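Novice: Quick one: this structure, given as structure tokens, is what I'll be asking you about.
The values are calculated or read from the model by the stated rules, or taken from the named source; none is laboratory data. On a predicted model such as this, the values are computed, not experimentally measured, just so you know. Here the Cβ positions follow ideal geometry from the backbone for every residue, glycine too, while neighbour counts run over all protein chains shown.
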Amino acid sequence: SHDAAPYVPDRADLAALRRAAAGCRGCPLYEDSTQTVFGAGESSSRVVLVGEIPGDQEDRRGAPFVGPAGRLLDRALEEAGIARDDAYVTNAVKHFKFTTPEGGKRRIHRSPNAAEMAACRPWLLAELRLIEPEIIVALGATAGKALLGSSFRVTQQRGRLLPCPPLDALGTRRAAEAAEAVAEGHIVATVHPSAVLRGDDRDAMYAGLVDDLRVAARALA
Ligand code: URA
């Protein structure tokens, strides 16, 4: 099996999941990265924020969203009225992926491909099954696809309360259909904080991120 499933323990709490994930070899990304970057937060969290993949700083420090994108996310969450301590923060893929141009020291982050997302999905599922959040926030298109399947489009689906498919259907082709039939909580999608940092019109993109997070905040109120 070329995925994380054999590494995910049954009936584990978050601490046990995190320990097991540290030894995951379910895809090749563990080979070149420093460590598994598992989710951070309490199992009682009402909201789970899902990013894409850890970056350079996350890889070094072993925690999600602790670099530049994380600082922007913290600020946006605060403005939207979501305390980061009330949120569980994780990524669709849990090992850093990068290239080193000209074999230098700089590690340039790369997005995960579909196979890497599929391989890592058992960890995300295990986190969501345990936490059972009321709201999942998908940060960017990759997280959206990991949750709602490959037909997800962030430009069309952002900023709305979307029915969350049953966790069994998450990320599959049946996700959207299944969500219509039996919603389990809601998903709010928005842009990725890194896209705000890179964007041409950062102020407008940041305002859009905060607006979308407010949709999640209102649903929690
Ligand atoms: N970008 C992500 O998608 N996740 C992180 O943890 C950091 C940056």
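Novice: Would you check which residues across the stretch 43-54 are surrounded by 18 or more Cβ atoms within 10 Å (Cβ to Cβ), more than 9 Å from the ligand (Cβ to nearest atom) and closer than 24 Å to Met117 by Cβ and list them?
Specialist: Ser45, Val47, Val48, Leu49, listed by residue number.
Novice: In addition: In the stretch 82-102, which residue that is surrounded by fewer than 21 Cβ atoms within 10 Å (Cβ to Cβ) and among the hydrophobic types (A, V, I, L, M, F, W, C) is nearest to Pro28 (Cα to Cα)?
Specialist: Here is the first cut: in the stretch 82-102, the ones surrounded by fewer than 21 Cβ atoms within 10 Å (Cβ to Cβ) are 83-86, 98-102.
From what's left, among the hydrophobic types (A, V, I, L, M, F, W, C): 83, 98.
On the way: Ala83: 35, Phe98: 12 Å.
Ranking the qualifying residues of the stretch 82-102, first place goes to Phe98.
Novice: Looking at Arg46, Arg84 in this structure, which one is without any contact (Cβ under 8 Å) to a residue 60 or more places away in the chain and under 28 Å from Glu184 (Cβ atoms)?
Specialist: Arg84
Novice: Just for the stretch 132-160: of the residues that are assigned to a helix (DSSP H, G or I) and touching a Leu at 6+ places or on another chain (Cβ under 8 Å), which one is nearest to Val47 (Cα to Cα)?
Specialist: Leu147
Novice: Do we have any residue at all in the stretch 79-86 that's among the β-branched types (Val, Ile, Thr), part of a strand (DSSP E or B), modelled with pLDDT of 95 or more and touching a strand residue (DSSP E or B) at 6+ places or on another chain (Cβ under 8 Å)?
Specialist: Within the stretch 79-86, not a single residue is among the β-branched types (Val, Ile, Thr), part of a strand (DSSP E or B), modelled with pLDDT of 95 or more and touching a strand residue (DSSP E or B) at 6+ places or on another chain (Cβ under 8 Å).
Novice: Are any residues in the stretch 85-105 basic (Lys, Arg) and either touching a helix residue (DSSP H, G or I) at 6+ places or on another chain (Cβ under 6 Å) or within 16 Å of the ligand (Cβ to nearest atom) (or both), and if so, which ones?
Specialist: Lys94, Lys97
Novice: Those residues that are in a helix (DSSP H, G or I), aliphatic (A, V, I, L, M) and either more than 8 Å from the ligand (Cβ to nearest atom) or surrounded by fewer than 24 Cβ atoms within 10 Å (Cβ to Cβ) (or both), I need them from the stretch 60-76; list them, please.
Specialist: Across the stretch 60-76, the qualifying residues are Leu72, Leu73, Ala76.
Results for (1) touching a residue at least 24 places away in the same chain (Cβ under 8 Å); (2) more than 22 Å from Ala217 (Cα to Cα); (3) of a type in the set (Val, Ile, Thr), shown as yes or no for each residue.
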residue	(1), (2), (3)
Glu116	yes, yes, no
Trp123	yes, yes, no
Leu130	yes, no, no
Val137	yes, no, yes
Gly140	yes, no, no
Ser150	yes, yes, no
Asp168	no, yes, no
Ala176	yes, yes, no
Gly185	yes, no, no
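Novice: For the stretch 28-42, state whether one or more residues are within 16 Å of the ligand (Cβ to nearest atom), hydrophobic (A, V, I, L, M, F, W, C) and under 28 Å from Ala204 (Cβ atoms).
Specialist: No, the conditions are met nowhere in the stretch 28-42.
Novice: Let me ask something else. Among the residues of the stretch 87-121, write down those that are assigned to a helix (DSSP H, G or I) and either at pLDDT 95 or above or closer than 26 Å to Arg18 by Cα (or both).
Specialist: Initially, the stretch 87-121 is screened for residues assigned to a helix (DSSP H, G or I), giving 101-103, 114-121.
The answer is Ala114, Ala115, Glu116, Met117, Ala118, Ala119, Cys120, Arg121.
Novice: Another one. Look through Glu79, Glu127 and report the one residue that is of a type in the set (Asp, Glu) and surrounded by 18 or more Cβ atoms within 10 Å (Cβ to Cβ).
Specialist: Glu127
Novice: Separate question: State which residue is modelled with the lowest pLDDT when the search covers only the stretch 174-189 and only residues that are more than 16 Å from Ala87 (Cα to Cα) and surrounded by 14 or more Cβ atoms within 10 Å (Cβ to Cβ). First the steps, then the outcome.
Specialist: Within the stretch 174-189, the first condition is being more than 16 Å from Ala87 (Cα to Cα), and the residues that meet it are 174-184.
After this cut, where a residue has to be surrounded by 14 or more Cβ atoms within 10 Å (Cβ to Cβ) as well, the list is 174-176, 178-179, 183-184.
On the way: Arg174: 81, Ala175: 82, Ala176: 76, Ala178: 76, Ala179: 74, Ala183: 67, Glu184: 73.
Result: Ala183.
Novice: Here is a follow-up. So Gln57 passes all but one of these: (1) out of contact with any helix residue (DSSP H, G or I) (no Cβ under 7 Å at 6 or more places or on another chain); (2) in a helix (DSSP H, G or I); (3) under 21 Å from His109 (Cα atoms); (4) away from the ligand (no atom under 13 Å from the Cβ). Which condition number does it fail?
Specialist: The failed condition is (4).
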